[in-house]
Amino acid sequence: MKHIAIVTPCILPVPATEGGAVEELITRIVNDNELNDDFMIDLFSVMDDAEVYDYLNNTRVIGIKYKKSQKFADRVLDKLQRTIAVEQSYRLFDKDIERAFEERLSSLDEPYYAVIVENQISIAKRIAAVCRGSYESPIFFHMHNDVDIYRSPKGIRDLTALGIQFIAVSNYIKQQILCCDADAMVHLLYNGTKLKDRDVDAKVDEHKTTGKEIRFLYAGRVIPEKGVLELAEAFAKFTGMVDVNDRTNYRLDIIGFSCNATKYENKVEAQAGKISDRISCKKRVSTADMDRMYNEYDIVVMPTMNEEPFGLVALETMSKGIPLIVTNSGALPEVVGDGAVIVSRSSNFTDDLAEAMLRLAKSKTAREELGKRAYERSREVSAFDIKNYYPNFIKIIDKKIDDDKISIVVPVYNVSDYLERCVRSLLGQTYTNIEVLLIDDGSTDGSGKLCDGFAQVDSRIRVIHQKNMGLSGARNMGLDNSTGKYIFFCDSDDFLQKDTLAYMHEKLCRDNADIVACGFSYVWDDYTEMGREEVFTNCKPGTWSGKEASVQMMRSNNICTVVWNKLYKRELFDGVRFPVGVLHEDEATTYKLLYKAKLVSYTSKTFYKYYQRASGIMGIGIIRRYEDIIMALKDRISFYEKNGDMRLAQHAMISLLEQIKYCYRNVEDGQDKKRLTSLYDESVSMSKLPGVLGGKKKLSLWLWKYIRY
């Protein structure tokens, strides 16, 4: 059974013994998983009575005690953070959650199949810090609320850079995330409610058929963001519009007052008190009780003033066929469609709201028609049915692994001594749905005939003979003739472990990545006999956004600029080809593919074996190579600048300057050294030195103008 972790907001306990919308939804996942046996779940939650967990067989609840002193300190910290308007907020309690997660993870035999963090970015960042560099588990952040100090724009950007995927409760929240970072990977998972047959769930009470009284309902928290005060004012205006003799026929119940009244609640009660015979202020009731009470009302009003992330009350109301009035707040128009009256939040809001109430109150036909549309709307979107919530959740975190074709492009030029080892490693892959494109680039040593012979043995091999165009021309020819959904490159003197493509393909699907890179090691002629190899790449796995992966490519040896240790979605190559006639074509191409990618994953497993031979392209002396690589790096800077990404442009500038320094130290010709120092001096001044790596790096780059070392 696959093992996952769900980290709750750790505000209220899960299972939801004390209510809470997010907690109820998590409980739904846990309970449905008990019925379906899909996962073993580690559920990280604030501690509750252990007896409430007795029915769980597939869930281990890891209770974390939230001490009273911690709660008090975090309330003070929250108030301070809101007062000074910090860029992103956190709780002191987050450290305890991180510690519990780390202890549990370190005790497991295998890492989690997936990790889901619910609604608290500060926790998600801590969880990511524990996982990244040690575990390859995909991490999802489930965002239930709008952007605020606990789900801040900077926090969203940080999670995106770390390759964390988002789950949004509405398209509105999805767009809010993408407004903070257009590179975010966002999945949509609508909230849902129970949908019953109308004759069972929408019974008409006696007063609706025989009486004149029209009852309005507001149910929810009594806070400024919900517009409750404006509702009380609008209801007073509404009753002023009707005949004096009819006013007693209209009532408004406001359900949701806390046990300890707040200043705002007192204001609402004071406004309601002006017509206390027609407005009732009531305490909160349980979810189950509220579900039963809905049908006592003729019209439900949601006068939301802030941006509503979803609108579960609206959906619950529509599902019962009750007429509904909402504002054009956040996701509400998206949820209600044509199943509600939508009032714009404007300077005339209370007047407009009063008019909307009047129109529905005075017309039974209008109420019946709106109730019918509401009922139908709640069933138009299958995701609105809570029965589909768990299956839709599964589809996101347990991505189906396809078996689509992988095209392997192999440029071939005078490699008769090594080609058979390469081809056999490709045909022996445990992932069998492949095509191998052997591009004979004008070989003169019999390599072309070898290619034809391989094609006779295995139908998955296709051979293309062309005049010599170099490595770029051969790769481009392979791309142009490939038919697979995915692309992989392998140089003809290198080879792969047999499980390379199977592992990388599964990782690409599971991580929702556009590119997966693997580790590689240097091997020599004695590899077969001695098994000698030298690992080149970083030992720490990771996942990043495409842009952050570009930084990793330039600053670390994990992603790397080489094209051949990566599995790509083929659409990344739309409009991208290798430059013909130059060396270091990878330097001129890979960054463009990374930049187009949403997510890039890296496994440190050294699947790719990079054979070392003095006669290969990389064996060519640096004097013949440095001009091409410097040109490629300058083009990279221009590319980032044209795309308005100055951070990446600064990283690219550092790469250029470091490459100039490297070439300077390794060439002997005086004219070459002079050209290199001239290029360096042109690129460096105090006004345009890249500072993205800090002041010390900036100073060292500037000093090299005067002290060549």
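The values are calculated or read from the model by the stated rules, or taken from the named source; none is laboratory data. Every value quoted in this text rests on a predicted model; they were computed, and no experiment measured them. Glycine also receives a Cβ, built like all others from the backbone with ideal geometry; neighbour counts cover every protein chain displayed. Note: accessible area is taken over every heavy atom of the protein model, side chains too, but ligands, DNA and RNA are not part of it. Shrake-Rupley method; radii C 1.70, N 1.55, O 1.52, S 1.80 Å.
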Original post:
Do you know which residues across segment 188-197 are surrounded by fewer than 18 Cβ atoms within 10 Å (Cβ to Cβ) and within 13 Å of the chain's Cα centre (by Cα)?
Top reply: Leu188
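With the requirement that a residue be charged (D, E, K, R) and in contact with a Leu (Cβ under 7 Å, 6 or more places away or on another chain), what does segment 126-162 give you?
We begin by selecting, within segment 126-162, every residue charged (D, E, K, R); these are 126, 132, 136, 146, 148, 151, 154, 157-158.
Listed by number, the list holds a single entry, Arg132.
With the structure loaded, tell me whether Gly133 is touching a residue at least 40 places away in the same chain (Cβ under 8 Å) and touching a Lys or Arg at 6+ places or on another chain (Cβ under 8 Å) or whether it fails that test.
Numbers: touching a residue at least 40 places away in the same chain (Cβ under 8 Å): yes; touching a Lys or Arg at 6+ places or on another chain (Cβ under 8 Å): yes.
The answer is yes for Gly133.
Among the listed residues Ile461, Ile396, identify the single one that is open to solvent by less than 30 Å² (accessible area, probe 1.4 Å) and over 30 Å from His3 (Cα atoms).
Values: Ile396 fails: over 30 Å from His3 (Cα atoms).
Of Ile461, Ile396, the one residue that is open to solvent by less than 30 Å² (accessible area, probe 1.4 Å) and over 30 Å from His3 (Cα atoms) is Ile461.
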Original post:
For segment 227-303, which fully contained helices (runs of 4 or more DSSP H) count at least 3 residues that are farther than 26 Å from Arg359 by Cα?
Top reply: 263-273, 287-293
Original post:
Out of all the residues in segment 38-93, which are closer than 16 Å to Asp148 by Cα, among the charged types (D, E, K, R), open to solvent by less than 60 Å² (accessible area, probe 1.4 Å) and part of a helix (DSSP H, G or I)?
Top reply: Asp78
Original post:
Does segment 491-542 hold any residues that are part of a strand (DSSP E or B) and exposed (fewer than 15 other Cβ atoms within 10 Å of the Cβ), and which are they?
Top reply: Glu534, Val535
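Out of segment 155-173, which residues are under 10 Å from the mean Cα position of the chain (by Cα) and part of a helix (DSSP H, G or I)? Quick ask: steps written out before the conclusion?
Just the residues of segment 155-173 that are under 10 Å from the mean Cα position of the chain (by Cα), to begin with: 156, 159-168.
The answer is Ile156, Leu159, Thr160, Ala161.
May I ask you to say which residue of Gly240, Gly211, Gly227, Gly220 is open to solvent by less than 60 Å² (accessible area, probe 1.4 Å), modelled with pLDDT under 95 and under 36 Å from the mean Cα position of the chain (by Cα)? Reasoning before the result, please.
Numbers: Gly240 fails: under 36 Å from the mean Cα position of the chain (by Cα); Gly211 fails: under 36 Å from the mean Cα position of the chain (by Cα); Gly227 fails: modelled with pLDDT under 95.
Only one candidate passes the filter, namely Gly220.
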Subject >> Residue list for segment 651-675, restricted to those being part of a helix (DSSP H, G or I) and free of Cβ contacts under 8 Å to residues at least 12 places away in the same chain >> reply: Glu658, Tyr662, Arg665, Gly670, Gln671, Lys673, Lys674, Arg675
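Listed residues Glu307, Glu265; which is open to solvent by 10 Å² or more (accessible area, probe 1.4 Å) and either among the charged types (D, E, K, R) or more than 23 Å from Phe384 (Cβ to Cβ) (or both)?
Details: Glu265 fails: open to solvent by 10 Å² or more (accessible area, probe 1.4 Å).
Of Glu307, Glu265, the one residue that is open to solvent by 10 Å² or more (accessible area, probe 1.4 Å) and either among the charged types (D, E, K, R) or more than 23 Å from Phe384 (Cβ to Cβ) (or both) is Glu307.
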**OP:** State all residues of segment 322-334 that are buried (at least 24 other Cβ atoms within 10 Å of the Cβ) and closer than 17 Å to Asp298 by Cα; if no residue qualifies, say none.
**Re:** Pro323, Leu324, Ile325, Val326
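Being in a helix (DSSP H, G or I), of a type in the set (Val, Ile, Thr) and more than 18 Å from Ala361 (Cα to Cα): is that true of Val313 here?
Against the criterion (in a helix (DSSP H, G or I), of a type in the set (Val, Ile, Thr) and more than 18 Å from Ala361 (Cα to Cα)), Val313 qualifies.
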**OP:** Give segment 642-686 a look and list any residue that's among the charged types (D, E, K, R) and within 20 Å of Gln552 (Cβ to Cβ), or say none.
**Re:** Asp645, Arg647, Glu658
Original post:
All but one of (1) at pLDDT below 95; (2) farther than 19 Å from Val228 by Cα hold for Val313; which doesn't?
Top reply: (2)
Original post:
Looking at segment 675-682, is at least one residue surrounded by fewer than 18 Cβ atoms within 10 Å (Cβ to Cβ) and aromatic (Phe, Trp, Tyr)?
Top reply: no
**OP:** Taking the residues in segment 626-669 that are touching a His at 6+ places or on another chain (Cβ under 6 Å) and of a type in the set (A, V, I, L, M) as candidates, determine which candidate is farthest from Lys592 (Cα to Cα).
**Re:** Ile629
Subject >> Residue in segment 335-351 that is touching a Lys or Arg at 6+ places or on another chain (Cβ under 8 Å), part of a helix (DSSP H, G or I) and open to solvent by 10 Å² or more (accessible area, probe 1.4 Å) present >> reply: yes
